[in-house]
1. Projecting each Cα onto the charge dipole of the stretch 308-398 (Lys/Arg +1, Asp/Glu -1 at the beta carbon, about the Cα centre), which of TRP394, VAL363, PRO341 comes out farthest on the positive side?
2. Once neighbouring chains are kept in place and the probe is 1.4 Å, which whole percent of the accessible area of the stretch 56-213 is contributed by carbon and sulfur?
3. For the chain, what proportion of DSSP beta bridges, expressed in % and rounded to the nearest 5, is antiparallel?
4. Taking a ≥ b ≥ c as the square roots of the eigenvalues of the Cα gyration tensor of the stretch 124-236, is the shape rounded (a/c under 1.5), prolate (a/b larger than b/c) or oblate?
5. Pick out, in residue order, every one of the chymotrypsin sites (Phe, Trp or Tyr not before Pro) in the stretch 37-104 that is DSSP loop and has at most 12 other C-beta atoms within 10 Å; say none if there are none.
6. Classify the stretch 71-142 as rounded, prolate or oblate from the Cα gyration tensor: take a ≥ b ≥ c as the square roots of its eigenvalues, call it rounded if a/c is under 1.5, otherwise prolate when a/b beats b/c and oblate if not.
7. Can you give me the % of accessible surface on the stretch 454-516 that is carbon or sulfur? Probe 1.4 Å, all protein chains present, nothing else counted.
8. Step through the residues of the stretch 134-149 one at a time and calculate ³J(HN,Hα) from phi using the Karplus curve (6.51 cos²θ - 1.76 cosθ + 1.60, θ = phi - 60°), rounding each to whole Hz and writing x for Gly and Pro.
Amino acid sequence: MGKKVTMLFVTAVFLLLPALVAAQTAAYDTVSIYDIQYVPDPATADRSPLYGDTVVVKAIVMHGPRELYVGARWACYVSDGTNNPWSGFFIIQHDTFEVNTLFQFVQPGDEVYFTGVVDEYSGLTQLALLTNPVVPVDIVSTGNTLPDPKVLTLADLADHTNGEQWEAMLVRVENARVTNNSYTSNRAIIDDGTATGYIDDYFWYFRGRFNDGVYSWPVNGTRLNVVGFTRDINEPTFSINPRNEDDLEILTNPPVISDVKRNPGVPTSSDDVTISATITDNGTVSAAKVFYSVNSGAFNELLMSATADTFTATIPAQPNGSHVRYFIYAVDNDGDFSQVPGDTSLEIFQYVVRDEGLSIKDVQYTWGYQNDASPYMGYEVSLEGVVTTDTSDWIGNYYIQDKDSAWHGIWVRDGENKPLKGDWVKVTGTVEERYGVTRLTNITSFEVVSSGNTFEPVQVTTGEIATGGENAEAYESVLIKVVNVTVTNPFPDAPRNYGEFVVDDGTGGVRVDDAMSAFSGNTDSTFAQGDQIAELWGIHYYSYGNYKILPRDTNDVIGHVTAIDDQNKQLATTFQLD
């Protein structure tokens, strides 16, 4: 008898659930995706007119909520069932410990009522599902037909004026050529003749393979049709994110150029430099060439010789101080061609001839190219400089500078040696790009040349070193300071809190982070809206899509005055005896 009562009770709960959901959602306005997404002038403002509102929206689920690379969260693209402008949207649940939203159970083709707050992340409008209080998703039908991809050109996605109306939609771009299959952040650059754009790895299918080192985008020169969801990546153009390899329709198969090396990696004026590469094709490689330029001069052409799949050519020795650029080209028996790097307006192989040894700037400088990876990535180099942080600031890491100016600082990942601030050290290691930051790792030689050296921080403005600032990359890993700044956003990642805050001297805000061990950042209310700081010192750094200042400890925050203090009770920071 007791079992029957329990079963009846459970049945009653499930019968009541739709009524409970209806009662909860009735408290909020029901709107369309168009209502949320449409903005009259996206060139000047693309924030949703309903930003910050709690709303209910009905949409068709386009894929499972665990297929995207969104950390410990659930998310999916949704549609109103058409491929009209402003018909795509994005749903996310930040707190996945709260399972009673039932979001984890939605499937492609489900028509669902979602309740949440209209939000924005890096330009992408989204609905953050309510988890406090919880309002479960309401699946009203299943098995609905998904809308076909909207056929667009890359020009349609090249800027916010044209592209915003296609945000978060499934699109198709045809007959595009891969011009750079290894751009930063696991992106490929493609060109369909109307504009250039990105293929990106937002879906776990690709991100997991990139993380495991078992996948790369189709080789440079490949022509393809690509289907994927658009994503605002806080750049002028929108990226296209395929779900799996079925979304990539390969049209041509040019030669595959890989394992490009130079020997020696750090040439002197007495060194001829041998360039080698592995080049393969599904037919035969008709020709392979190295094109090189000295000191921005015209490109010279070298025919590569082959031993099996290994092709080589030799760039002759150049005078001390010469800047040498080069790239590799190959064509097959079908006339399909490829090139590495694919787009030499964005990046190119290069080195500087140094008889006296490299400076830190030689390793860091980009020579004006958009790709900020070091020209010496993967090669062993020896560098000297003054230690500006030590292992007490960040265990197993320190920074060195050989000059107090842009391009002259670098991060050293070294778990064995423990230099002190002010030590002039000579370090030999391999140049590595770590999530967009150049560093030395795999240290094979270390020497303290002298002690007691100092570098004053370089004074910069917040705007020039912020994300998108004209000198953001130039001051990477350099000890800097900003002066007379105001805290303009104490919690830029709200409702989450990663200890960061934003300061501004009037030229534009820059983030301050707590990566150093002795600086706790703003995990509480230490730095409040409107607080004034006379000087803020730190290492300039890049992580999670933003450039930041890393104070080494609390001594790097000088003259902090809280906004609520009586301004007549400020503590004196300097004294003079008359």
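The values are calculated or read from the model by the stated rules, or taken from the named source; none is laboratory data. Owing to the predicted nature of the structure, the values given are computational and were not obtained by experimental measurement. Please note: Cβ atoms are built from the backbone with ideal geometry, for glycine as well, and neighbour counts cover all protein chains shown. Surface accessibility is based on the protein's heavy atoms, side chains included, excluding ligands, DNA and RNA. Shrake-Rupley method; radii C 1.70, N 1.55, O 1.52, S 1.80 Å.
1. Ranked along the dipole, the leading option is VAL363.
2. Roughly 45 percent, rounded to a whole number.
3. 90
4. prolate
5. Of the chymotrypsin sites (Phe, Trp or Tyr not before Pro), the ones in loops of the stretch 37-104 whose Cβ has at most 12 other Cβ atoms within 10 Å are TYR51, PHE97.
6. Here the stretch 71-142 falls in the oblate category.
7. The C+S portion of the solvent-accessible surface of the stretch 454-516 is 44 percent.
8. 6, 10, x, 5, 10, 7, 9, 7, 10, x, 5, 6, 6, x, 5, x
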